[in-house]
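Each value in this text was obtained by applying a stated rule to the coordinates, not by laboratory testing. Remember, predicted model here, so these are calculated numbers, not experimental data. Because the Cβ atoms are built from the backbone with ideal geometry, glycine has one as well, and the counts that use them run over all protein chains shown.
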Amino acid sequence: MQRLARERQKLDFPFAFINIILLLLFFFIVTGSIIGKNETSVAPPLTSRLTTERLPRPLLVIDKAGALYLDEVPTSLADAIASMERVGGDTPAPTLTLNVIADRTFPAQRFLDIVEAIRQAGVPVRIVTLDARAKG
Amino acid sequence: MTFMLIPLVDVIFLLLTFFMLSSNLAPYSALMLGSYQRETGASAQPAKTGADEAQADVILTVSAGEVRANGINLPLKDFLDEAKRLKDDGAERVVVFVRPSATAQDIVSVLEALKRTAFASVTVRTRQG
């Protein structure tokens, strides 16, 4: 009986260790999101008092030169709107929101014009920002 | 066939290291944009524009790094306190004009402060010159 108890004690350490590592692994898999090269090349506007979240999808990237990428694929404004309309289907109020991330030095007027063109097509828009504490 | 624990731990460690190095902890936020209208010279709904301006409690003009609130120029970093003061004074409707010199950061800073202070209506407009 005593021997059995000792053998069980021997097994405890590696299994507990693996459990903790697996929990950490699941945590990073669940909380992580894959970010594309173009999405990290822009420096988004900084905010400090908004709720943080993962990089949302679908994501329209506007780089410093004004080039557009919809989920990493180079696109034009018309094509991006058409893609969103296709996803939204015939529903009168599409629930899918397009998230727009622009370089913080991008001219505000051009940025607002792009955002408004998307909204005019009936697609709700959210501006993606970077939490200032995570700027590094 | 025996259960090989050490190779399993090695693989799990490699996966864990990969995810730890390649991930950030949710550094992004999102901001909804209120209504927006573009003003181009004499066109673009002059009557409605005038009506909106007349009904606005606060008129803001955003340019590079600063905001003009009811005639007073402020650096953007001080705008949150001013927005709170305007809200405490009973302001509810805000019209924001965006100058060509303003950047995406400038307009986002203003919208974030307005969101924090929970104004009832925020309209964004671009103005030439």
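Taking other C-beta atoms within 10 Å as the exposure proxy, B:80, B:111 rank B:80, B:111 from fewest upward. With both labels modelled 7 Å from their Cα along Cα-to-Cβ, the residue B:81 to residue A:110 distance reads 3.5 nm. Subtracting the Cα-Cα distance of residue B:6 and residue B:116 from their residue separation scaled by 0.36 nm leaves 34.4 nm. For the range A:59-127, DSSP calls about 45 percent of its internal beta bridges antiparallel.
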